[in-house]
Each structure stands twice: as C-alpha cells, then as structure tokens.
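The values are calculated or read from the model by the stated rules, or taken from the named source; none is laboratory data. Since the structure is predicted, the reported quantities are computational estimates derived from the model, not experimental observations. Here the Cβ is made from the backbone with ideal geometry for all residues, glycine too, and neighbour counts use every protein chain on show. When the accessible area is computed, the model is the full protein with side chains, heavy atoms only, and any ligands, DNA or RNA have been set aside. Shrake-Rupley method; radii C 1.70, N 1.55, O 1.52, S 1.80 Å.
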Amino acid sequence: MKDKFIEIIKKKWLQSIVLTILLFAIIICAFIAISYFVKKANISDLDFTTDKIYSISQQTKDKLKNLDQEVTITVYNMTEYVKDFAYKYAALNNNIKVEELSDLVSKTEWKKQYGVTDADSFIVIESESKSKILTSNDLYTYDYTTYQQIDTTEESMTNTILDVITNVKPKICFLTGHDLYTEAYFNSLETALSAEINEVEFIDLLKTGSVPEDCKLLVITSLKDDISVKEKDEILKYIKNGGNLLLLLDPNLDNIKTPNFQKVLDEYGVKVSDGLILEGNDQNMISGAPSFIVTKINSDSEIVKNINMELNICMLNAGELTFDSAEELEKKNVTVETMATTSNKAFLRTDLTNGSKNKISSDKDAENAVVAAMLTKAIDENTKSKAIIFSNTMFATNMQISYNMKYPIEFYNNEDVLLNTVSYLTDREDNITIRKTTESVDTYDVTARQLNIVLLIIFIIPAVIIVAGIVVWQVRRRKK
C-alpha cells in the first residue's frame, strides 16, 4: 500500500514537471510565432513619445499624399529601425514600394554607380527618372554644441523621395561681395534649404553681370558697405521683372552710408533704423537679454495662416522697420503686411555706449515696432514683386553665441519661419509647415552580446527559476 502511494506521488510530481515544461514550451512557441507574424505583417510600432519622433510626421504625410509617381526604396544592410521606417512610407502611399536586399548580386551596377561594397549599409531611392543613395551617415547628424548624435532618418528619406520625383529645383541666390556675414554663417540655413529641394547659389553681381534668369528668390543680408550702381541697377531690373526678395537686414549701428542700396529699399518704401531695439517686457525677451527679442508671427500671415500653430521667432540685436506714408506707398503700388512686432514696452537705443538694460533718457519709444513685414509691389496688371524683410540677420545664422549651446537659427521657430518664407516666395505654399524636430533624440541599436543578454533574461533565467522551484519543492516535501 505504501509503495503504491509513493508511486502515485511520483506520477503526480512527474506530471507537474511535464505540465510546467509544456506550459513553458507553449509560451516560447507563442512568443516566436507572434514575433514572426508581426514582423511579416509590418505592423507599425506604437509611438508614445511626446513629439512622435518614431512616427511619420504630418509634414511628410502632407508632402507625399499626392505622390503620383512610382518610387522604390531599396534597403541593404540597414538596422531594423531604418527598415521599419521604410515600410512606414510604403503604408502612406501605394506608389511607394520597399525592397530588402540580402546581397548585391542583382544590383552589381550599384558598385560602380555609387561606389559601394557588399559590406556597406545604404538605402537607394529610385523613381522612373532619377535615383539617389543614402548611407548610414546621411541618416544622422552631430551637434557639436551639445555633443549629441541626432537622428535625421525621416528628414533624409522624405527629402530624397521628393528629390527623385522633382525635375526642377527653385534657385535661391544669396548676394555676396558686400555682405557683412560670410557664407559660413549661413551653412545651417543653406543645408536646410537644400534639404527642402532648393538649389542654393551665392552670387557676386559684379562677376555674374546680372541676376541669373532662373533665380527664383534673391536673398540680401546685412551689408558692410554699399553696393555699386551696376549692382543696384541689376537688382532693380530683377524687381521690375517680378523677382522676389528676402531681406535680412540688421540695424545700421555703424552709420554706413548706403545710398545705392537704399534705392532698392525705396522701391518698396521701407527703411531700417540706425538704432537697436531693446525689449522692456520680460515676456518678450530671453531672460536678462532685452536685445534678444521674442515675438510671434502674425497668425494672418501667409507663411503661417494654414498651419494652425503659433510660430515664435527670436531676433538678436534687431532694428525697427519704418515705411513711407500711405500716400507714397500708394504711388509706388506697394501694400504692406505686418508680420511681427515688439511689445508696447520696447524702446530704440542709438547711444550704444550705454549698457543699461533699462530705458534711459536718450532712448526713443518703439511701441509695437515692426520687425518683420511683407511688401508687395504691383509692377503692372500681371506682374508683382514681393519682398519679405526682417530687421535682423543674426537670427538666420549659425553664429556661435554664448547662450544655451545653440545657434541663433535654432532658437524658437527661427528655422521654420525662414524656410516657410522661402517656400512662400518661391510659390511652394504646399511646403509651408512645421518641421519635425529631432533635437536631443538618440537612437539605440543593441549589439549581438547585448541581444544575447536580453534573450538570457527573457528565456533562460525564467526557466532556471521554474526548475529551481520544482527542486526546492521536492526537497522540502521529502523532508516532511
């Protein structure tokens, strides 16, 4: 009887072990099966980040929703993160296809065309007429002020898709030869403009002889001396032909005489002050810096009215824009749209030897002073020239300043406002948007060793715990 009881107990113990092992095997098989089908189905990951940094942005969706050309994204040796992003594009538009390559046997021509090898990692994006390659280095950038790697996967892929389906890029010409700020100060802006599928060119009118015929927008920044009569005449000719201008002009703090350039401004009936604006309202400045003016773009402005979001800019050492009388503007066929102003506590300072942050007796009131405006000049019934003018250049630069480890163009919405301004002036209103920010976002890819550790934690350790539990239970039972 006793032997039979022991035999029954042993059978129950064996059954418990078998059931435990079977349950564990079912869990593992279920996990593997679910992972396999999820990967096959390319189900989008859930993105719980505040800025939806792992999701396709609304900006990209808007740009690609009307895509009517076939585009193929071929992925080779890239991380799962990049592959997942590629499939998100395919889900946006039926004209976008994704291919994954395990080798280059079928694409040997790429080795010569792009200079790649079997060991490289890259993406090739192709349309019917053009193709372009993106390497791993194109999907990240490095911020040398914060020493962080920044993920630009979506920005690079979206702009490359647009690039291969676009045959003509708007040409943006920056006037050089008299510029106070060298080309290097506009590297960030130039890069951002090029990424938005624009062609950027720096031109010296004394060398080129005229504004290029295909110039879609002429950008003029602060001058260190006056332009020549020849340059003035060429710019005026460009305006009379309906050319558009983006003017980024600091106040004339050094009292430089620029009568020729002023004749260009006179076409639109506008002047920039000799004095510097200081803010008297703490809510409209960066803390402790009244010359760092924070203001919002007028919500009715063409560059923001369809965004449904407030855009703020920070202008550093800005001046005040003043305009001819209403009668004079009418004679010149010019209309003015105010885009941004100071607060009602701002003041204008011409005595820059005084470093006081508060208003002094020699300062003038600059209540609601205009710091950005759009001027539209009717040349004839069918031709108009538009000029958007900001009374500041520094806010558009990557000049090194000792504040918050950022370039001025990175303050608030400075870059978005500049890019939207260019989009509007080059007749690309569909490109006016809020661009996805990837600031301080680092992507993380596990190594093979780290993956083994994760698998150990998920599978092996639980198995050891279960077996140990069974052994301990048996030892304790026998002691009884």
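Which of the residues belonging to the stretch 374-398 are hydrophobic (A, V, I, L, M, F, W, C) and open to solvent by less than 40 Å² (accessible area, probe 1.4 Å)? Don't jump to the end; show me each part of the working.
Narrowing the stretch 374-398 to residues hydrophobic (A, V, I, L, M, F, W, C): 374-375, 378-379, 387-390, 394-396.
Across the stretch 374-398, the qualifying residues are Met374, Leu375, Ala378, Ala387, Ile388, Ile389, Phe390, Met394, Phe395, Ala396.
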Problem set entry | Matching entry among Val336, Val371 (being open to solvent by less than 10 Å² (accessible area, probe 1.4 Å), under 28 Å from Leu218 (Cβ atoms), at pLDDT 95 or above and not hydroxyl-bearing (Ser, Thr, Tyr)) | Val371
Exercise. Only one of these conditions is not met by Glu183: (1) more than 26 Å from Asp250 (Cα to Cα); (2) at pLDDT 90 or above. Which number is it?
Worked result: (1)
For this session: Evaluate the following for Tyr424: is it under 29 Å from the mean Cα position of the chain (by Cα), aromatic (Phe, Trp, Tyr) and not in a loop (DSSP other than H, G, I, E, B)?
Result: yes
Exercise. Of everything in the stretch 364-409 that's outside any loop (DSSP other than H, G, I, E, B) and free of Cβ contacts under 8 Å to residues at least 60 places away in the same chain, which residue is farthest from Glu330 (Cα to Cα)?
Worked result: Asp365
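Given the structure, is Ser362 closer than 19 Å to Ser273 by Cβ, of a type in the set (S, T, N, Q) and loosely packed, with under 13 Cβ neighbours inside 10 Å?
On the way: closer than 19 Å to Ser273 by Cβ: yes; of a type in the set (S, T, N, Q): yes; loosely packed, with under 13 Cβ neighbours inside 10 Å: yes.
So Ser362 fits the description; yes.
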Exercise. Can you find a residue in the stretch 156-163 that is surrounded by 15 or more Cβ atoms within 10 Å (Cβ to Cβ), touching a residue at least 40 places away in the same chain (Cβ under 8 Å) and under 30 Å from Gln400 (Cα atoms)?
Worked result: yes
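Results for (1) in a strand (DSSP E or B); (2) closer than 22 Å to Glu429 by Cβ, shown as yes or no for each residue.
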site: Leu134; (1), (2): yes, no
site: Ile150; (1), (2): yes, no
site: Ser156; (1), (2): no, no
site: Leu162; (1), (2): no, yes
site: Tyr181; (1), (2): no, no
site: Phe186; (1), (2): no, no
site: Leu189; (1), (2): no, yes
site: Leu193; (1), (2): no, yes
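For the stretch 206-229, name all the residues that are touching a Ser or Thr at 6+ places or on another chain (Cβ under 8 Å) and closer than 19 Å to Ile256 by Cβ. So that I can check it myself, show each step before the final result.
Restricting attention to the stretch 206-229, the residues satisfying the condition of being touching a Ser or Thr at 6+ places or on another chain (Cβ under 8 Å) are 206, 216-217, 221-223, 225-227.
Answer for the stretch 206-229, where residues must be touching a Ser or Thr at 6+ places or on another chain (Cβ under 8 Å) and closer than 19 Å to Ile256 by Cβ: Leu206, Thr221, Ser222, Leu223, Asp225, Asp226, Ile227.
If you check Val116 against the conditions, is it outside any helix (DSSP H, G or I) and buried (at least 16 other Cβ atoms within 10 Å of the Cβ)?
Numbers: outside any helix (DSSP H, G or I): yes; buried (at least 16 other Cβ atoms within 10 Å of the Cβ): yes.
Taking the combined requirement at face value, the residue satisfies it.
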Exercise. Taking the condition modelled with pLDDT under 95, open to solvent by less than 50 Å² (accessible area, probe 1.4 Å), more than 26 Å from Leu352 (Cα to Cα) and among the acidic types (Asp, Glu), does Glu196 pass?
Worked result: yes
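Restricting attention to the stretch 345-360, which residues are of a type outside the set (S, T, N, Q) and without any contact (Cβ under 8 Å) to a residue 24 or more places away in the chain?
Going residue by residue through the stretch 345-360, those that are of a type outside the set (S, T, N, Q) are 345-349, 351-352, 355, 357, 359-360.
Within the stretch 345-360, Asp351, Gly355, Ile360 qualify.
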Exercise. Hey, Thr145 hits all of (1) modelled with pLDDT of 90 or more; (2) of a type outside the set (Lys, Arg); (3) open to solvent by less than 20 Å² (accessible area, probe 1.4 Å); (4) in a loop (DSSP other than H, G, I, E, B) but one; which does it fall short on?
Worked result: (1)
